[in-house]
Every structure is written in structure tokens, then in C-alpha cells.
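In what follows, a structure is listed as C-alpha cells, so that the remarks can point back to it.
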Amino acid sequence: MITDDKDRTLLALLSANSRESTAELARKMGLSRTTVTSRIERLERLGVISGYTIRFSEEYAEGQIKAHVMIRSDTRQAVGIFRALRQIPAVRALHTVNGEYDMVAMVSTGSTRELDDTLDRIGHVPGVDKTVSSIILTTRFER
């Protein structure tokens, strides 16, 4: 899918700032705007780029309480768990993992009360057997 280092560079630049203009991307990469536009369109068409999102400011993020929630589940009910957790707005991401737990939910809330409510909702999803959560104290870096 990704054919060369220029694609990787383009993806890194878009990951850092998906709103950066094509002209600025072209300048940073030493390519023409037309070439950069063509590369972006190709990466979108191939499904490498499936959308664009926002990154919260440090000030906003500092006001959020974030946690990793390890989930042990009945794997036969995994699809139902995925659907149920997708409906909880505070669950920002869900990863399947190997080891003692089956999933890790990334949760972000505005208060400890909201976090507590979210953990209760996760724990009551049919098929969720056990959860263990860790509140994130500091994010040292994020890409």
C-alpha cells in the first residue's frame, strides 16, 4: 500500500497536523502540490487514510481524566461487547490484546464521577467478566 519513504513522510506530516495545507506539505517534502495531492488521493483510495480527526489541546486534555481499562471477557460475546462499548462516548478507543485480559479500553471523562459511571457501564456489558482500570497521571508524549 505505502510505496516509498515519501508516503511515510506524508503520513507523518498529516498525523502531526491533518489541516496543514497541500502547499505547505509540498514545501516540506520538496514536491509539487499536484504530486502531494495525488499521493493523498491515492492513499485515501487505498484505504491507508480512512479519515481525519482532531487532537485536543494540552489545556483541554489536562482537564480530562483518562484511564486504561483492561477487560476480561467471554470471547464468544466479543462482537456484542464491541458494539456496546462503541455506544459509550467516554470510550475513546478499544483494542484487543493477548495475555490475561482480552481488551483494553481507552477512556476519557470530565470528572471522577463520570469515570466511575463509565466503569460501571463497562462492567455491566453482557460478556464482560472483569475489569481493572489504571488512571493515566501524565502523558509524556503522543503521536
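The values are calculated or read from the model by the stated rules, or taken from the named source; none is laboratory data. This structure is a prediction, so every number in the text was calculated from the model and none was measured. Positions of Cβ are generated from backbone atoms using ideal geometry, with glycine treated the same way; all protein chains shown enter the neighbour counts.
Details
- Residue match in region 33-44 (condition: of a type in the set (A, V, I, L, M), surrounded by 14 or more Cβ atoms within 10 Å (Cβ to Cβ), out of contact with any Pro (no Cβ under 7 Å at 6 or more places or on another chain) and not in a helix (DSSP H, G or I)): no
- Some residue of region 61-75 being assigned to a helix (DSSP H, G or I), touching a residue at least 60 places away in the same chain (Cβ under 8 Å) and surrounded by 13 or more Cβ atoms within 10 Å (Cβ to Cβ): yes
- Residue within region 74-93 that is within 22 Å of Ala16 (Cα to Cα), of a type in the set (A, V, I, L, M) and not assigned by TED's automatic domain parsing to the domain that holds Ser15 present: yes
- Residues that are loosely packed, with under 10 Cβ neighbours inside 10 Å and acidic (Asp, Glu), drawn from region 89-143: Glu100, Glu142
- Test: Tyr101 is aromatic (Phe, Trp, Tyr), within 18 Å of Ile135 (Cβ to Cβ) and at pLDDT 95 or above: yes
- Residue within region 112-132 that is within 18 Å of Glu62 (Cα to Cα) and part of a strand (DSSP E or B) present: no
- Of all the numbered requirements in (1) surrounded by fewer than 16 Cβ atoms within 10 Å (Cβ to Cβ); (2) in a loop (DSSP other than H, G, I, E, B), Ile49 misses one, and that requirement is (1).
- The residue pairs whose first member lies in region 80-97 and is touching a residue at least 12 places away in the same chain (Cβ under 8 Å), whose second member is surrounded by fewer than 11 Cβ atoms within 10 Å (Cβ to Cβ) and not in a strand (DSSP E or B), and whose beta carbons are closer than 8 Å, counting only pairs six or more residues apart or on different chains, are Gly80/Pro126; Ile81/Pro126; Ala84/Pro126; Leu94/Arg86.
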